[in-house]
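See structure below.
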Amino acid sequence: MMKIIHCVGARPNFMKMAPVMAAFSQHPDQFQQILVHTGQHYDAKMSDVFFDELGLPKPDVNLEVGSGTHAVQTAQIMTRFEPVIETHMPDWVFVPGDVNSTIACALVATKLGVKVAHVEAGLRSRDRGMPEEINRILTDQIADLLFTPSRDGDENLAQEGISRSKIKFVGNVMIDTLVRLLPQATERWPGLQQRLGIRAPFFLATLHRPANVDNPESLGKLVDALNQVSAIHPVLFPIHPRTRIRIVNGSLSGKVVLCDPLSYLDFVAAQSEALVVISDSGGVQEETTYLGVPCLTLRSNTERPITISEGTNRLLGDRVDSLAEEAGAAVARRRSEPSQLEYWDGKAAIRIAAVMQSLLS
Ligand code: UD1
């Protein structure tokens, strides 16, 4: 019997860990699972609703750390996670993605001699100004098993001196969840469009990266650009709490339809109906690639280059002024068939469980 603690903390973790837990739960005689929520995200719309929709079990432990500076948040997760490990003494700690909860939990586990598996390892933007890039590099350096979503991840890790024997290319767990729930999500669109007061054709926008929203000048330029886009078609803009508190009241045009953060199923429904998605998110670049929906990424780099070379994503970099023009042109790139990327097939988590089973035998 292998005892595993899974750690989640922030919104993008939930859809990555749900399929992994489901895959292990197929083998209850081999795996005992414990779910720890750090509480990095705590609003119902950033956390609870995802547990319900994704079928994640209620966390066994909630560390309730909440918001704080990077140092405060990371330190509080570490302080509160250490006794959890000491109590349960797991064989493995699983951490997904690149948020502060990821590095904090990985660091605690490894220092207590507990093995760490990193789900979604090897992604690199090569931009050390991004907090997530630091979290990725450090987590990968201390992990004992590194599950990569695409082959570029394997190469990045090998270049950083990580032994090939620790690197397992299993595919994209976020796409596992998308494959499973897309039919359910699509069914929600008629009700959702009524509730939100939006009709196709429309653009969908999200914004939350510190580099875009923390500086009033950058945010102001993005608001102007979204206003210009909304002159072509309305823009649906579910707004992250970080961004909401920074947007100047009344600065957005009436054709930008603001709403609270959407649930997973609602957001997937909106992505698949949108003409083009405009975003600075990581996961959205992958989901739009799978869906064949054009994505304009409001960043100068991406840790997910496969979404550009084989998908529908384009980086806008500092050409924010040309957003409206780019959005108009991107409409023609919409694909009717989902992209076929290697191992973005709904079975990545099953491959992860198989790797862990092979360690048991
Ligand atoms: C975090 C991740 C980011 C991820 C994003 C997804 C890090 C460094 N960043 O960014 O990689 O893409 O989550 O959303 O881990 N807040 C609330 N309610 C919540 C959570 C946050 O109101 O439930 C507000 C607080 O004012 C908080 C701010 O949002 O200070 C930022 O939250 P934080 O967890 O620090 O980072 P995110 O910007 O959400």
Subject >> Options Q73, Q40; residue that is over 16 Å from the mean Cα position of the chain (by Cα) and over 21 Å from L145 (Cβ atoms) >> reply: Q73
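Each row is one residue, and each column tells you yes or no for (1) among the hydroxyl-bearing types (S, T, Y); (2) away from the ligand (no atom under 16 Å from the Cβ); (3) in contact (Cβ under 8 Å) with a residue 12 or more places away in the chain; (4) farther than 25 Å from N13 by Cα.
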| site | (1), (2), (3), (4) |
| --- | --- |
| L138 | no, no, yes, no |
| L145 | no, yes, yes, no |
| G153 | no, yes, yes, no |
| S163 | yes, yes, no, yes |
| K166 | no, yes, yes, no |
| R188 | no, yes, yes, no |
| G191 | no, yes, no, yes |
| I198 | no, yes, yes, yes |
| Q228 | no, yes, yes, yes |
Subject >> Every residue from the stretch 255-284 that is touching a Ser or Thr at 6+ places or on another chain (Cβ under 7 Å) and either of a type in the set (A, V, I, L, M, F, W, C) or within 14 Å of the ligand (Cβ to nearest atom) (or both) >> reply: V256, A269, V277, S279, D280, S281, V284
Original post:
Pick from the stretch 303-334 the residues that are crowded, with 20+ Cβ neighbours inside 10 Å, touching a residue at least 60 places away in the same chain (Cβ under 8 Å) and within 17 Å of the chain's Cα centre (by Cα): which of them is farthest from P201 (Cα to Cα)?
Top reply: E303
Original post:
Which one of the conditions (1) within 16 Å of the ligand (Cβ to nearest atom); (2) in contact (Cβ under 8 Å) with a residue 40 or more places away in the chain does D214 fail to meet, given that it meets all the rest?
Top reply: (2)
**OP:** Kindly state which helices (runs of 4 or more DSSP H) lie completely within the stretch 279-340 and contain at least 1 residues that are more than 27 Å from N227 (Cβ to Cβ).
**Re:** 283-291, 306-309
Subject >> Checking T110 against (1) over 20 Å from the mean Cα position of the chain (by Cα); (2) assigned to a helix (DSSP H, G or I); (3) surrounded by 20 or more Cβ atoms within 10 Å (Cβ to Cβ), the condition it does not meet >> reply: (3)
**OP:** Just give me the residues in the stretch 239-279 being basic (K, R) and touching a residue at least 60 places away in the same chain (Cβ under 8 Å), in sequence order.
**Re:** none
Subject >> Output for the stretch 28-52, where each listed residue is more than 16 Å from the ligand (Cβ to nearest atom) and closer than 22 Å to N172 by Cβ >> reply: F31, Q33, L35
**OP:** May I ask you to say which residue of V65, V20, V116 is among the hydrophobic types (A, V, I, L, M, F, W, C) and part of a loop (DSSP other than H, G, I, E, B)?
**Re:** V65
**OP:** Among the candidates V61, V49, V65, single out the residue that is surrounded by 14 or more Cβ atoms within 10 Å (Cβ to Cβ) and in contact with a strand residue (DSSP E or B) (Cβ under 6 Å, 6 or more places away or on another chain).
**Re:** V61
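Conditions tested, residue by residue: (1) over 18 Å from the mean Cα position of the chain (by Cα); (2) modelled with pLDDT under 95.
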site: L182; (1), (2): no, no
site: E187; (1), (2): yes, no
site: F202; (1), (2): yes, no
site: A211; (1), (2): no, yes
site: K221; (1), (2): yes, no
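The values are calculated or read from the model by the stated rules, or taken from the named source; none is laboratory data. Note that the structure is a prediction, hence the values are computed from the model and not measured. Because the Cβ atoms are built from the backbone with ideal geometry, glycine has one as well, and the counts that use them run over all protein chains shown.
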